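Since the structure comes first, as structure tokens, the remarks are kept for the end.
The values are calculated or read from the model by the stated rules, or taken from the named source; none is laboratory data. What you see is a predicted model; the values in this text were computed from it and never measured. Here the Cβ positions follow ideal geometry from the backbone for every residue, glycine too, while neighbour counts run over all protein chains shown.
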Amino acid sequence: MFTGVSGSGKSSLAFSTLYVEAQRRYLESVSPYARRLFHQMDVPEVDEIQGLPPAVALQQQRGSPTTRSLVGSVTTLSNLLRMLYSRAGDYPRGQAHLDAESFSPNTPEGACPRCHGLGRIHEVTEASMVPDPSKTIRERAIAAWPTAWGGQNLRDILISLGIDVDTPWRKLPKKERNWILFTEEQPQVPVYPGWGHDEIQRAIRRRIEPAYMGTGATPYPRTCACRHCRCPL
């Protein structure tokens, strides 16, 4: 309550005090990065101010969407939630303090270690790489393999390894199918393009020089080679 004679500045003092306090509370609600661009606001020289809620501004932003874009980040509401959790949450054992970045899905500290902040996990499966198991390898049952020479090269390598490329995929042994799709082995095998397995074995025994030595490693592991985004192949 302000008292004083008329014209002493009661209204000006009241509104100035409320303005400074509202401004200070508003700046506490914006992102930590934005707060660094402003000077620190001092607390008004009063004992207590009641009935003044903190001002929170939500503004729609037009930016380039990413796989991690969500309503909270677009409206900056996620900044407020991260600040709340960093102050009101329970700290894990051995963690004396957590900042707001520890709760952000866009930072290495706050992102889920399994989905990396994307909210979903992509895994390559046999069904995704072989959509029609009634086809044979020669009929391009493995749709994930490259076309043209790349796929032919992988097929010829399998022939040299003794794998039947003319049997429907579903009839091949499960262990054999898993090796073809997911192995990390890299055996070096002689390649005789267009030859059958028996012909290749005879050529090897007779020491007939192959067209080239092929590497029998599949170029399609369970996750992509970048090992960060873990995107589907």
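Is there a residue in region 105-121 that is more than 23 Å from the chain's Cα centre (by Cα) and either among the acidic types (Asp, Glu) or outside any loop (DSSP other than H, G, I, E, B) (or both)?
No, every residue in region 105-121 fails to be more than 23 Å from the chain's Cα centre (by Cα) and either among the acidic types (Asp, Glu) or outside any loop (DSSP other than H, G, I, E, B) (or both).
Name the single residue that is surrounded by the most Cβ atoms within 10 Å (Cβ to Cβ) among those in region 122-131 being touching a residue at least 24 places away in the same chain (Cβ under 8 Å) and in a loop (DSSP other than H, G, I, E, B).
Taking the candidates together, the pick is Val130.
Every residue in region 155-166 that is out of contact with any Pro (no Cβ under 8 Å at 6 or more places or on another chain) and either touching a residue at least 40 places away in the same chain (Cβ under 8 Å) or not assigned by TED's automatic domain parsing to the domain that holds Asp198 (or both), please.
Ile157, Leu158, Ile159
Which ones in region 134-146 are in a loop (DSSP other than H, G, I, E, B), of a type outside the set (Lys, Arg) and surrounded by 15 or more Cβ atoms within 10 Å (Cβ to Cβ)?
Ile137, Ala141, Ile142, Ala144, Trp145
Would you kindly identify the helices (runs of 4 or more DSSP H) lying entirely within region 29-98 that contain at least 1 residues that are assigned by TED's automatic domain parsing to the domain that holds Ser16 and modelled with pLDDT of 70 or more? Working first, answer last.
On the way: elements: 32-35, 71-74, 77-88.
Passing ranges, in order: 32-35.
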